[in-house]
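This report concerns only the one structure given below.
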Amino acid sequence: MTDFGWSVFWEFWQNLPVIAFFVVAVWLWAKGSKARAIGCAVTGAVVGSLVIRFTEVMADGSREAMSVTLINMVALSVMQVLFMAYLGVEREWSNWKTDLMLGGVAGVLLAITQGLAAPGALLIGVILHSAALALVGGMVLIGVRLLKGQSLVKASLYSVLITVTMTLVISLLDYSYRLFM
């Protein structure tokens, strides 16, 4: 497999726990089980952050700083809980358009925060990662919104499709330089 292929492979496994737990958390929230939903979202954020920490060296050859791991744990936990509440609001203003906007802003803020926490992060890397997370942020919210009314099995299976799609977008922006290695 090429270097880019390995990056995509590891990126998928880094994203899967975050998305799968988030989909289940939103599903639980929609069913009125808010405490379990919060626990699920925080668990997904922590597990996903740890998977990223221990596999980042395989995805792009660098070791993730502990500060980035902690930022990921906290930021993903807070974002997921806030987005569960947002997706649980059935109002006219809570729709795919606001999903795109809020997801995009959250993606950029997460990437910038990660960049600030990473010693020696290159500006171009932070910019590309911001673009990647902005693109996938809205897409994830729209996808999860569509799944909250499905059965848990169907929602869980579709979370893999969301993960594949976001992995490809992130990989093309974050790891495109590896296409030529």
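The values are calculated or read from the model by the stated rules, or taken from the named source; none is laboratory data. The shown structure was predicted, so the numbers you read here are calculated from the model rather than taken from an experiment. Neighbour counts are summed over all protein chains in view; Cβ atoms, including those assigned to glycine, are modelled from backbone coordinates with ideal geometry.
Note on the range 140-171: among residues that are free of Cβ contacts under 8 Å to residues at least 24 places away in the same chain and aliphatic (A, V, I, L, M), the one that is farthest from Phe9 (Cα to Cα) is Leu146. Put simply, of Ser156, Ser171 the only residue that is in a helix (DSSP H, G or I), within 24 Å of Leu28 (Cβ to Cβ) and of a type outside the set (Asp, Glu) is Ser156. Only one of these is modelled with pLDDT under 95, closer than 20 Å to Leu157 by Cβ and surrounded by 16 or more Cβ atoms within 10 Å (Cβ to Cβ): Ala59, Ala30, Ala41. Name it. On inspection, the qualifying residue turns out to be Ala30.
If you go through the range 13-25 one residue at a time, do you hit one that is surrounded by fewer than 19 Cβ atoms within 10 Å (Cβ to Cβ) and more than 14 Å from the chain's Cα centre (by Cα)? Checked against the condition, which is being surrounded by fewer than 19 Cβ atoms within 10 Å (Cβ to Cβ) and more than 14 Å from the chain's Cα centre (by Cα), the range 13-25 yields no hits at all. Only residues that are surrounded by 15 or more Cβ atoms within 10 Å (Cβ to Cβ) and touching a residue at least 12 places away in the same chain (Cβ under 8 Å) were counted in the range 75-97, giving 11. Every test in (1) at pLDDT below 95; (2) out of contact with any helix residue (DSSP H, G or I) (no Cβ under 8 Å at 6 or more places or on another chain) is passed by Leu87 save one, and that test is (2).
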